[in-house]
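These notes are about the structure you will find just below.
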Amino acid sequence: MNETMTDTSLRDRIAGLLNRYPALEPSERAELIAFIKSGPAIDRGMLKGDPIHAAAIRRVEADHPEQFRLSIARQLFVAAAVALPFLAICWLAWEAGAK
């Protein structure tokens with residue numbers, strides 16, 4: 001029960017920050033960006049499901065694109081995660097056809 005109250009208070013705090021955006025202190029802006037990037041998925045989903053908060057989240061993302069861009073390392077990881085299974089399947093098909 002206490003865990004649910006904590007989750008709700010975090011979501012309420014972020015909703016308050018979204019309502020005041022862009023008139024935020026730098027520390028509040030950093031907290032908001034960190035939440036949008038990696039906050040609890042259920043809380044982010046609930047806020048993005050509300051049209052008012054969804055518009056504010058899109059505005060934050062548009063105002064700070066560098067914060068939401070994938071890093072080179074993450075891009076390479078995603079490319080490897082897509083390419084390696086494909087190459088493994090091709091190799092297995094090649095091996096199966098060679099016998």
Task: Accessible surface of the chain [probe 1.4 Å, protein heavy atoms]: carbon and sulfur percent - done: 65 percent
- [ ] Hey, can you grab everything whose amide H is under 5 Å from the amide H of Gly39? Only 5+ residues off in sequence or another chain; H modelled, so Pro and N-termini drop out.
- [x] none
Open item on the list: Using the crude model of +1 on Lys and Arg Cβ and -1 on Asp and Glu Cβ, and no other charge, please compute the dipole size for the chain relative to its Cα centre, in debye to 20.
Closed with: 300 debye
Open item on the list: Sequence gap at least 6, Cα distance under 8 Å: using those rules, report the relative contact order of the chain to the nearest whole percent.
Closed with: 23 percent
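Quick check for you: with a 1.4 Å probe and neighbouring chains kept, what is the accessible area per residue of the chain, in Å²?
Values: 7220 Å² over 99 residues.
Averaged over the residues of the chain, the accessible area is 73 Å².
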Task: Dipole of the chain, positive end: most advanced residue of Ala93, Gly39, Ile72 [Cβ charges, Cα centre] - done: Ala93
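From the P(r) of segment 57-99, can you give the percent of Cα pairs sitting at distances over 14 Å? Walk me through the numbers on the way to the answer.
On the way: 597 of 903 pairs.
Percentage above 14 Å: 66.
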- [ ] Sticking with the crude label model, points 7 Å out along Cα→Cβ, report the distance from Arg69 to Ala81 in nm, one decimal please.
- [x] 2.1 nm
Task: Helix-only [θ]222 nm of the chain, DSSP H runs n ≥ 4, -39500 (n - 2.57) each, per residue, nearest 500 - done: -28000 deg cm²/dmol
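If Rh is defined by the Kirkwood formula over all Cα pairs and Rg also comes from Cα, what ratio Rg/Rh do you get for the chain? Kindly include the intermediate steps, with their values, before the conclusion.
On the way: Rg = 20.4 Å, Rh = 16.3 Å.
For the chain, the value is 1.25.
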- [ ] Please sort through the DSSP H helices of the chain and keep those with an alpha-carbon extent of at least 24 Å along the long axis and a Kyte-Doolittle average not below 0.0.
- [x] 72-98
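The values are calculated or read from the model by the stated rules, or taken from the named source; none is laboratory data. These numbers were taken from a predicted model, which means no experiment stands behind them. Reconstructed Cβ throughout: ideal geometry from the backbone, glycine too, with neighbour counts over all protein chains shown. Only protein heavy atoms, including side chains, enter the accessible area calculation; ligands, DNA and RNA are left aside. Shrake-Rupley method; radii C 1.70, N 1.55, O 1.52, S 1.80 Å.
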